[in-house]
Amino acid sequence: MAKTDPITHSLLVTDAELRAVFPSDFHKRCMYAAFGIASLLEDAGIKASVVGGDFLCAVVSTDGRQLSLQGFGTTGIGEPSHYWVGASGLHIDPGPMYLPYESPYPAPALPAVAWAGDLALPPVLAYRERVRVAPGATISNPAIAARVAVFAARCRARRDAATVPGRLPFWLLRDMASLAYRAQRGDPWAIAAQTFSRRGLKAAFPTPTGHAHG
């Protein structure tokens, strides 16, 4: 395949490995995804931290008639239910592109996120950081840490074997310009995201009494 930047390549490799290792519920394995991505970025010389917390994203229905906030760990209590990566000044998360697999209604494809950390997130996205794992560190539960380490090793093996898709199965939300670019080309989620913003709406977490999804 054509050469990709380290961020895109880490997302490609990790997504492919998630689907291979967890074929029935790859879309729920954000901890594995985060550690896989961080490991690949570290190998590429990019300092990366795994971040845990809460996540919300607006999801539009395929017919355009429904729009709702969906996500993970939105109560703000207990263990983090979503994980992403902070690296090279970027907020990196494949999580949005997995939301259609759990959506209560059919939804079109969403992007992965590689957002510049110094820019405010678009109104359709909300993150609340609750824990950060330093580069090279592992999680406290030894059994889970071991499984995550095995997955990261598999990601490295897939990278070294160069067995990743020949074309991008997703697009990257990097900034408002990338959102506008996709909307201009008819991407339904990007169009809905712009509409969401124009209406003055903003993704916001529920109070601690809310119900977590994911």
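The values are calculated or read from the model by the stated rules, or taken from the named source; none is laboratory data. Bear in mind the structure is a predicted one, so any value in this text is a computation, not a measurement. Don't worry about glycine lacking a Cβ; one is built from the backbone with ideal geometry, like all the others, and counts go over all protein chains shown. Heads up: the accessible areas ignore ligands, DNA and RNA and are worked out on the full protein's heavy atoms, side chains in. Shrake-Rupley method; radii C 1.70, N 1.55, O 1.52, S 1.80 Å.
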Task: Values of log10 I(q)/I(0), in the order q = 0.10, 0.12 Å⁻¹, for the chain under a Debye, Cα-only, solvent-free model - done: -0.41, -0.60
Open item on the list: Can you tell me which of Met31, Met97, Met176 moves the most in a GNM of the chain? Springs connect C-alpha atoms under 10 Å apart.
Closed with: Met176
Task: Distance in nm between pseudo-label sites at Ala162 and Ala109 (7 Å out along the Cβ direction from Cα) - done: 2.4
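Just how large is the dipole of segment 6-201 about the Cα centre, in debye to the nearest 20, putting +1 at every Lys and Arg Cβ and -1 at every Asp and Glu Cβ?
Numbers: 19 positive and 15 negative charges, 36 e Å.
About 180 debye.
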Task: Table column - 3J(HN,Hα) (Hz), segment 30-47, Karplus curve with 6.51, -1.76, 1.60, x for Gly and Pro - done: 5, 5, 4, 4, 5, 5, x, 4, 4, 5, 5, 5, 4, 4, 7, x, 10, 5
TODO: With θ set to phi - 60°, apply the Karplus curve 6.51 cos²θ - 1.76 cosθ + 1.60 along segment 113-129 and write out the HN-Hα couplings as whole Hz, x wherever there is a Gly or Pro.
DONE: 10, 9, 8, 5, x, 8, 9, 5, 4, x, x, 7, 10, 9, 10, 9, 6
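Which value, in debye to the nearest 20, describes the size of the charge dipole of segment 55-160 about its Cα centre when Lys and Arg Cβ atoms bear +1, Asp and Glu Cβ atoms bear -1, and nothing else is charged? Could you put the intermediate results ahead of the total?
On the way: 9 positive and 7 negative charges, 68 e Å.
The calculated dipole for segment 55-160 is roughly 320 debye.
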Open item on the list: Which residues does the label zone of Asp43 cover in segment 157-171, counting backbone N under 20 Å from a point 7 Å along Cα→Cβ?
Closed with: 157-169
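Which percent of the accessible area of the chain is formed by carbon and sulfur heavy atoms (probe 1.4 angstrom)? Don't jump to the answer; show the numbers that get you there.
Working: 5650 of 10240 Å².
Looking at the chain in its full context, I get 55 percent from C and S.
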- [ ] Under a 10 Å cutoff between Cα atoms, tell me which one of Ala87, Ala143, Ala180 has the largest fluctuation in the Gaussian network model of the chain.
- [x] Ala143
Task: segment 6-201 - accessible surface per residue (Å², probe 1.4 Å) - done: 45
TODO: Rounded to whole Hz and in sequence order, give me ³J(HN,Hα) for segment 175-186 from the Karplus expression 6.51 cos²θ - 1.76 cosθ + 1.60, θ = phi - 60°, writing x for Gly and Pro.
DONE: 6, 5, 5, 5, 5, 5, 4, 5, 4, 4, 9, x
TODO: For Ser88, enumerate residues with amide H under 5 Å from its amide H, sequence gap 5+ or separate chain, H modeled in the peptide plane.
DONE: Lys47
Task: In nm, spacing of pseudo-spin labels at Arg198 and Asp63 (7 Å Cα→C-beta vector) - done: 2.3
